[in-house]
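None of the figures in this text is laboratory data; all of them are computed from the coordinates on show. Quick caveat, the model's predicted, so the values are computed rather than measured.
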Amino acid sequence: MTDLIQLPHTGLRVPHTRYALSDFQQMTTRNGIAYNATVNEGDRRVGIIENDGNGGATMFFPATGADRRAVHEFAAACRMDGEPLTEEEALDRLIDEHETAVDVAKCARRRASLLRGFDKDEEFVASIAVKVPPVWLDRDDSPFLPHVARDLKASEPEVTVWQFWTGDQWKPLALPAVPA
């Protein structure tokens, strides 16, 4: 399938972008994070994505049988790093995409930047908002970078690579070395 569209925050490749999430809610439970979100196609509700936060599966509860088939076909077409996903994995990635987009929008309104960090195994570790506009993170002579580097090292020492959202893409954040 070569006509897939890559989503900007997760890298999930999807057959279309007609599905949008709304009414996202989450709650920390003693066993994990429970969440649900409404899946919409235009003004029409397609169903609900839900996870009870107890280590169980992420489930889709369709509005109709046709919606069940359509979302199943959508998820079956999704790819991550060229590999197919289970329906649950595709739904989880849609939730991740939505959450990140909301965080990016909040940062944009505050003239702040959203950073995301990865460990040495390239696994996602952290997402942090900093009170510095992206344009200042993209400059080698930024007076903010030493402070940002120090704070990030102190708060998330396991992160080896940081990226920031420029407004249209994720870009590596070139931080100065922090003295030990």
Out of every Cα pair in the stretch 42-108, what percent are spaced more than 19 Å from each other?
41
Which one, (1) 1.15; (2) 1.21; (3) 1.03, gives Cα Rg over 2.2 N^0.38 Å as derived from the coordinates shown?
(1)
Net lengthening on full extension, T160/A112 (0.36 nm per residue, minus Cα-Cα):
15.1 nm
Can you give the extra length, in nm with one decimal, that the chain gains between S142 and R44 once fully stretched, where that is 0.36 nm per residue apart less the Cα-Cα distance?
30.7 nm
Compute the long axis of helix 87-110 from its Cα atoms, compare it with the longest principal axis of the Cα atoms of the chain, and write down the angle in degrees, 0 to 90, nearest 10.
40
Can you list the residues, at least 5 places off or on another chain, whose amide H is less than 5 Å from the amide H of H9, using H built in the peptide plane?
none
Karplus ³J(HN,Hα) for the stretch 33-38 (6.51 cos²θ - 1.76 cosθ + 1.60, θ = phi - 60°; Hz, whole; x = Gly/Pro) runs 10, 8, 8, 8, 8, 8
What's the angle, to the nearest 10 degrees (0 to 90), between helix 145-155's Cα axis and the longest principal axis of the chain?
60
Quick check: the angle from helix 65-77's long axis to the longest principal axis of the chain, C-alpha only, nearest 10 degrees?
40
Under 5 Å between amide hydrogens, which residues at least 5 positions from L115 or on another chain qualify, with H placed 1.01 Å from N in the peptide plane?
I128, A129, V130
Sequence order, the stretch 57-63: Karplus ³J(HN,Hα) from phi using 6.51 cos²θ - 1.76 cosθ + 1.60, θ = phi - 60°, Hz rounded, Gly and Pro as x, gives 6, 7, 10, 10, 10, x, 6
Subtracting the Cα-Cα distance of E88 and F124 from 0.36 nm times their residue separation yields 11.1 nm
Which far-off residues, 5 or more places away or on another chain, put their amide H under 5 Å from the one on L173, with H placed in the peptide plane?
W162, Q163, F164
Convex hull over the alpha-carbon atoms of the stretch 20-67: what's its volume per residue in Å³?
58
